[in-house]
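> I'd like to ask you about the structure that follows.
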Amino acid sequence: MSATATETRVAVIGLGYVGSVEAAVLAASGRTVIGVDLREAVVEAMAAGRAPLAEPHLEERLTKARSLGTLTATLDLAHAITSTEAALVCVGTPRGDDGELDTRALLAAMTSIAQAVPRGGTYTIIVRSTVPPGLYGKARAAIDDVVAEGARIGLALNPEFLREGSAVRDREDPQLVVYAADAPHAEAAIRAIYAEHASRLVSCDPASAEVLKLVNNAWHALKVSFANEVARISRPLGVDPFELMQLVCRDTKLNTSAAYLRPGMPFGGACLVKDMASLATYAEHHDVSVPVMQHVLASNDAHLAHLLSAVMTHRTESGEGPARVAIVGIGFKPGAPDVRDSAPVAMAIALLDRGVAVSVADANVLDARVPPLGIDALRVALGDPRAIACESVEEAVRGADVIVVGHPAEADRRALVSLAPSLKGRVLDVSGELSRALSEAERRSLAPVDVLRAHA
Ligand SMILES: NC(=O)c1ccc[n+]([C@@H]2O[C@H](COP(=O)([O-])OP(=O)(O)OC[C@H]3O[C@@H](n4cnc5c(N)ncnc54)[C@H](O)[C@@H]3O)[C@@H](O)[C@H]2O)c1
């Protein structure tokens, strides 16, 4: 461990699951830690090196900290702040009456910390609690409202991903440590606290740090619900749901991997739509309640509606809505010449329905010879004389008010890259296919149509 790592003294505010583990692990690693809580019994236990809650290895770390003399605990928050360089805030953010997280205790604790930083002092507040989107701005304002003259308080968001039952192990061996810090001294404090995990540190913006933890937990919740729905469908069929899900998880290429987890076009193709519909319909016919599965196609349709809205609310330089839209990459997925149940095709049809002319280019589809693939299938799918199937990307984008990048073939992507300077402000890069092929500067000058415009 580097010198700065042990020299950075930290206060841990809130000694529940997250805070007691945080304090114990840091103190057992040799760092000077002062734990703070409002509950006297918790403070007493921590000060005496006793675990305030049952969590594997917590007592061991506290015993080690006690032998090193690195951990104290107090009810006196101001004392803890004036004796340290950084505070890890682990106060609870329970579910509020309206379903949102209740951040009142967290903001109150942060205000108290800021008030305790003396004039001219430098301090870092690191939020480990789970927070809702927008918390950073509120917290920054609350801190700036009360900060003493000349004091510099850096604020960092650093969501905790530990699981109760393996909290100590998770904290000591994290997959990744995500943080957003708004001052160089806050960044330095994070680096000192995570010196052992330097290679796993990932810096991001505050909005990403806020939402990441909620997204992670929503993903876990979705997986549990999915597995339970599978069990409800399979049990009456005499299928063992445990074995079934084990088989599902054995495919680590498609099923338990990053596959299908990149945002972009709605799903489509010959299989996903019909098979999803089949399972949901089977469940409905057999009175099995599977609300997650029942709504997957609706979610897919909502995404298409969202993308359409982004196109339709786009305004040309003359303030008009789009009269012509080019779609590059019309297959149902990247690299596929198949247009069956293809979202880009559905998009083209919906645009035609709204009176917008559509030109499409797709080297893969043009190359495909066998029905139901190929350009004939595309013409049939579009079924409208105003839909122009073009021979090249250049031809398709000429005069188009918006260029939707769907699932472009490699050759079409290269064509888009070389045309990028002339497409400024007109590209809806749905899957980020074009952006990824550009440099940061080129991406900025492309000024793509905001995929999220529909929610603005
Ligand atoms: N429990 C988990 O598995 C877990 C995992 C990751 C993240 N989180 C998040 O971390 C946060 C803390 O979770 P927890 O389970 O440890 O909560 P908890 O309710 O067990 O503990 C919170 C502690 O904060 C104390 N506290 C409240 N206000 C205080 C103040 N002003 N000063 C000092 N102490 C104060 C409370 O007395 C309590 O001991 C929450 O936002 C939670 O969502 C929890």
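The values are calculated or read from the model by the stated rules, or taken from the named source; none is laboratory data. Model, not experiment: these values are computed from the prediction. FYI the Cβ positions are ideal-geometry reconstructions off the backbone, even for glycines, and counts take in every protein chain you see.
Conditions (1) modelled with pLDDT of 95 or more; (2) crowded, with 17+ Cβ neighbours inside 10 Å; (3) in the same structural domain as I153 (by TED's automatic domain parsing), marked per residue:
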{"site": "E172", "(1), (2), (3)": "yes, no, yes"}
{"site": "V178", "(1), (2), (3)": "yes, yes, yes"}
{"site": "P184", "(1), (2), (3)": "yes, no, yes"}
{"site": "E196", "(1), (2), (3)": "yes, no, yes"}
{"site": "A209", "(1), (2), (3)": "yes, yes, no"}
{"site": "W219", "(1), (2), (3)": "yes, no, no"}
{"site": "E229", "(1), (2), (3)": "yes, yes, no"}
{"site": "D240", "(1), (2), (3)": "yes, no, no"}
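> Within the stretch 329-363, work out how many residues are touching a Phe, Trp or Tyr at 6+ places or on another chain (Cβ under 6 Å) and among the small types (G, A, S).
So the count comes out to 1.
> If you scan the stretch 27-76, which residues turn out to be under 20 Å from E7 (Cα atoms) and either in contact with a Phe, Trp or Tyr (Cβ under 7 Å, 6 or more places away or on another chain) or within 15 Å of the ligand (Cβ to nearest atom) (or both)?
Selection gives V33, I34, G35, V36, T72, A73.
> Here's something else I'd like to know. Starting from residues that are under 21 Å from T122 (Cα atoms) and β-branched (V, I, T), keep the ones in the stretch 1-26 and report whichever is farthest from the ligand (Cβ to nearest atom).
This residue is T4.
> Identify the residue in the stretch 424-440 that is at pLDDT 90 or above and not β-branched (V, I, T) and, among all such residues, is surrounded by the most Cβ atoms within 10 Å (Cβ to Cβ).
D429
> Please work out if E60 is at pLDDT 95 or above, over 25 Å from S112 (Cβ atoms), touching a Gly at 6+ places or on another chain (Cβ under 8 Å) and not aromatic (F, W, Y). Write out each step before concluding.
Values: at pLDDT 95 or above: yes; over 25 Å from S112 (Cβ atoms): yes; touching a Gly at 6+ places or on another chain (Cβ under 8 Å): no; not aromatic (F, W, Y): yes.
It is false that E60 is at pLDDT 95 or above, over 25 Å from S112 (Cβ atoms), touching a Gly at 6+ places or on another chain (Cβ under 8 Å) and not aromatic (F, W, Y).
> Also: Name the residue, out of L212, L222, L162, L157, that is closer than 21 Å to P291 by Cα and among the aliphatic types (A, V, I, L, M).
One residue alone meets the criteria, L222.
> When residues of the stretch 47-64 are filtered for being surrounded by 18 or more Cβ atoms within 10 Å (Cβ to Cβ) and without any contact (Cβ under 8 Å) to a residue 24 or more places away in the chain, how many remain?
The total comes to 1.
> Counting only residues that are within 13 Å of the ligand (Cβ to nearest atom) and in a helix (DSSP H, G or I), which one in the stretch 114-138 is surrounded by the fewest Cβ atoms within 10 Å (Cβ to Cβ)?
First pass over the stretch 114-138, keeping only residues within 13 Å of the ligand (Cβ to nearest atom): 114-116, 125-132, 135.
Filter once more, so that each one left must be in a helix (DSSP H, G or I): 114-116, 135.
Values: A114: 23, Q115: 16, A116: 20, L135: 23.
The residue in question is Q115.
> Okay, moving on. In the stretch 423-441, what residues are farther than 24 Å from A259 by Cβ and without any contact (Cβ under 8 Å) to a residue 24 or more places away in the chain?
K424, L438, S439, E440, A441
> Would you mind stating whether T93 is within 7 Å of the ligand (Cβ to nearest atom) and not in a helix (DSSP H, G or I)?
Answer is yes for this residue.
> Got at least one residue in the stretch 171-188 being of a type in the set (V, I, T) and touching a residue at least 40 places away in the same chain (Cβ under 8 Å)?
The answer is no; no qualifying residue exists.
> For the subset of the stretch 96-113 comprising residues that are among the charged types (D, E, K, R) and touching a Pro at 6+ places or on another chain (Cβ under 6 Å), which member is nearest to the ligand (Cβ to nearest atom)? Step through it out loud before you land on a result.
So in the stretch 96-113, the residues among the charged types (D, E, K, R) come out as 97-98, 100, 102, 104.
Now restrict to residues that are touching a Pro at 6+ places or on another chain (Cβ under 6 Å): 100, 102.
Details: E100: 13, D102: 10 Å.
Here the answer is D102.
> Select from the stretch 331-342 the residues that are in contact with a Leu (Cβ under 6 Å, 6 or more places away or on another chain) and in contact (Cβ under 8 Å) with a residue 40 or more places away in the chain and write down the one among them that is surrounded by the fewest Cβ atoms within 10 Å (Cβ to Cβ).
D338
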